[in-house]
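As structure tokens, the structure follows; a few thoughts come after it.
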Amino acid sequence: MTASLKGLVLSGGRSTRMKQDKAVLAYAGETQLDRAVKLLQSRIKDVFVSVRADQAQEATRARHPQIVDGEGVEGPIAGIRAAQAADPEAAWLVVACDLPLLDASTLDALLASRDSRRVATAFRSSHDGLPEPLCGIWEPRSRDGLEAFLATGRNCPRKFLINSDTLLLDQPNPRALDNVNTPDEFQATSAQLAPSDARRALRVQYFALLREQAKCSEESLQTDAATARDLYAELTARHGFTLPADMLKVAVNAEFADWSRPLAAGDTVVFIPPVAGG
């Protein structure tokens, strides 16, 4: 008998290389966590977000049903393990939240080829041919093997699938499972996903060192930058700013904002350097 299928979006990572929470990064005005949940919900009735305990109240995650990681193991495998503990009889379609190029046709290919007699159904990486564990269907029969694997002190889900009875599929879209881990990768992917008519008129104000380097206190411009961080990267290339974004505060329309806040036509953006002296 084929087990019923539930969905799990992994969002419990620490985003060390990105230096900001990857789950709330926005592409074309939508956080990638919301997009991943919506994509799964279009094909599966019950979809949950995997979180660490300290992330449960974060606003983006809090609007979705959650499964909290258990103790004793970290990384993506902690989310898979917690989901299997929450419903051992279900199969789980697991995707990472940081797959902004994941598309419906890739999910449909996975669902159509699912083999419930196997431990899991997953794709081969288009880069190295190894299993992609974070876009795959984990059957209930994988649970005992996963617990035995964890008991040996290992926690890499890819290595588990390599050594298990896993059905591996070729990716219909070779880039669908490319994850985005660094600010540079985020900027490049944002530009790729921005709609062709995404250019917007903004007003930007500068203070202190930024004003000196821009040689103006404010300017109006047209940009396709989706977020304040994208805009600062664009302006750094234009004006040669020497201050990294992490040293600044940003305000949009006279209110302090997060660097990942989506920008809209007509916004006034202010980049605020640290105050010297004290």
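For this structure, a couple of remarks:
- Against the numbered list (1) in contact (Cβ under 8 Å) with a residue 60 or more places away in the chain; (2) under 27 Å from Ala188 (Cβ atoms); (3) out of contact with any helix residue (DSSP H, G or I) (no Cβ under 6 Å at 6 or more places or on another chain), Ser11 comes up short only at (3).
- Residue in the range 268-278 that is farthest from Ala26 (Cα to Cα), counting only those that are aliphatic (A, V, I, L, M) and outside any strand (DSSP E or B): Ala276
- Leu33 vs. criteria in contact (Cβ under 8 Å) with a residue 24 or more places away in the chain and out of contact with any Cys (no Cβ under 6 Å at 6 or more places or on another chain): no
- Every pair of residues 6+ apart whose Cβ atoms lie under 6 Å, when the first sits in the range 175-186 and is not assigned by TED's automatic domain parsing to the domain that holds Cys135 while the second is among the polar types (S, T, N, Q) and in a loop (DSSP other than H, G, I, E, B): none
- Conditions (1) in contact with a Lys or Arg (Cβ under 6 Å, 6 or more places away or on another chain); (2) within 24 Å of Ala194 (Cβ to Cβ): number failed by Ile272: (2)
- Checking Leu150, Leu111, Leu99 one by one, the residue that is assigned by TED's automatic domain parsing to the domain that holds Met18, out of contact with any Cys (no Cβ under 8 Å at 6 or more places or on another chain) and under 23 Å from Leu33 (Cα atoms) is Leu111 and no other.
- Sole exception among (1) in a loop (DSSP other than H, G, I, E, B); (2) farther than 27 Å from Gly13 by Cα for Arg175, by number: (2)
- If the condition is being among the acidic types (Asp, Glu), surrounded by 14 or more Cβ atoms within 10 Å (Cβ to Cβ) and under 22 Å from Leu107 (Cα atoms), then the range 146-202 contributes Asp165, Asp178.
- Residue within the range 99-117 that is crowded, with 22+ Cβ neighbours inside 10 Å, in a strand (DSSP E or B) and touching a helix residue (DSSP H, G or I) at 6+ places or on another chain (Cβ under 6 Å) present: no
- Selection within the range 214-239 - surrounded by 15 or more Cβ atoms within 10 Å (Cβ to Cβ) and over 22 Å from Phe256 (Cβ atoms): Asp224, His239
- Members of the range 84-94 found to be surrounded by fewer than 24 Cβ atoms within 10 Å (Cβ to Cβ) and either within 13 Å of Val49 (Cβ to Cβ) or basic (Lys, Arg) (or both), listed by number: Ala86
- Residue among Asp103, Asp170 that is touching a residue at least 12 places away in the same chain (Cβ under 8 Å) and out of contact with any Ser or Thr (no Cβ under 9 Å at 6 or more places or on another chain): Asp103
The values are calculated or read from the model by the stated rules, or taken from the named source; none is laboratory data. Keep in mind it's a predicted model, so treat the numbers as computed, not measured. Please note: Cβ atoms are built from the backbone with ideal geometry, for glycine as well, and neighbour counts cover all protein chains shown.
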